[in-house]
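A.B. asks: Attaching a single structure in structure tokens format; questions to follow.
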Amino acid sequence: MLEGVINARDLGGIRIGGKTVRRGLLLRTAHLNQASDEDIRRLSEEYHLRKIFDFRTFQEASAQPDRPVPGAEHILLPTLDIEAEKKSGEAVPEDVFLNLQAHIVKLSFMKIFQEKGRQLYPSLILSEFSQLQYATFMHLIVETQDGAVLWHCSQGKDRTGIGAALILGALGADNETIIEDFDRSNVIYRPLVDHFIAQVEEAGGGEEEKEVIRAFMGVSVKNFRHALELIDANWGGIPGYLEEAMGIGDDDLAVLRRRYLED
């Protein structure tokens, strides 16, 4: 979709019930730091991009700032509560966090990191900090009346995938449709995942270590499915979660469905 931005795709074309998501309006990507001039032109002139939601931490966004897109507002909404992790002693050191590939094989053998991989998606759903950021994201999308919106994190897979899940769920998608979109990131990152899994195997690692690689270099469908099951168990599904945790009610869902779905 974009020549300089990895893992970029349009949710348009996804079937939800008897309707289809409109093309050219809901865009999910990795960061825009390396977007080409042509990418910027297309986002501005063809997609008429209005809002860019950046789910990265302040440190990530400072290290690789997005290229500006004319006509689009950049909104930083960090969904990871780094300060809380620091206070609890569970934070990944900043130099490691910003260059995870250089450390991932060693980290995959650490029990605390294995648990961090398992809890990444549930924490993004259950944390009040994350809920507040995603709530702002959803409310601003409801308020957007024309043009496209784009959301991203660093690699456009985990935090971005949760954002996509909330939107698709709001539009009425079932869990399998949401998982199918989420899993598409694994197609993009499979060579990277396979590369590091081979290194883990050479180091004597087993399935737990490999799951860390899948979770941090690609996406873990197993862990993501568990997160959706948590939403189902606690809120009866994404629409209930949006209403109770984020204040997105039936009227808001109706606005989203009118704007983003077509026959």
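The values are calculated or read from the model by the stated rules, or taken from the named source; none is laboratory data. This structure is a prediction, so every number in the text was calculated from the model and none was measured. Cβ placement follows ideal geometry from the backbone for every residue including glycine, while neighbour counts extend to all protein chains displayed.
A.B. asks: In region 211-222, is there at least one residue being on the phi < 0 side of the Ramachandran plot, within 17 Å of the chain's Cα centre (by Cα) and of a type in the set (D, E, K, R)?
C.D. replies: Yes: region 211-222 contains one or more residues that are on the phi < 0 side of the Ramachandran plot, within 17 Å of the chain's Cα centre (by Cα) and of a type in the set (D, E, K, R).
A.B. asks: Still on this structure: What helices (runs of 4 or more DSSP H), lying completely within region 100-196, carry at least 2 residues that are acidic (Asp, Glu)?
C.D. replies: The qualifying helices (runs of 4 or more DSSP H) are 128-143.
A.B. asks: Taking GLN101 as meeting all but one of (1) farther than 19 Å from VAL5 by Cβ; (2) modelled with pLDDT under 95, write down the number of the exception.
C.D. replies: Unmet for GLN101, out of (1) farther than 19 Å from VAL5 by Cβ; (2) modelled with pLDDT under 95: (1).
A.B. asks: Could you count how many residues in region 180-210 are without any contact (Cβ under 8 Å) to a residue 12 or more places away in the chain and either of a type in the set (Ser, Thr, Tyr) or farther than 15 Å from ASN7 by Cα (or both)? Explain how you work it out, then say what you get.
C.D. replies: Kept after step one, since they are without any contact (Cβ under 8 Å) to a residue 12 or more places away in the chain, are these residues of region 180-210: 180, 187, 191, 194-195, 198, 201-202, 204, 206-207.
With either of a type in the set (Ser, Thr, Tyr) or farther than 15 Å from ASN7 by Cα (or both) added as a condition, the list becomes 194-195, 198, 201-202, 204, 206-207.
Adding up the residues that qualify gives 8.
A.B. asks: Now for a separate question. Looking at region 230-257, which of its residues are within 22 Å of GLY117 (Cβ to Cβ), in contact (Cβ under 8 Å) with a residue 24 or more places away in the chain and surrounded by fewer than 19 Cβ atoms within 10 Å (Cβ to Cβ)?
C.D. replies: LEU230, ASP232
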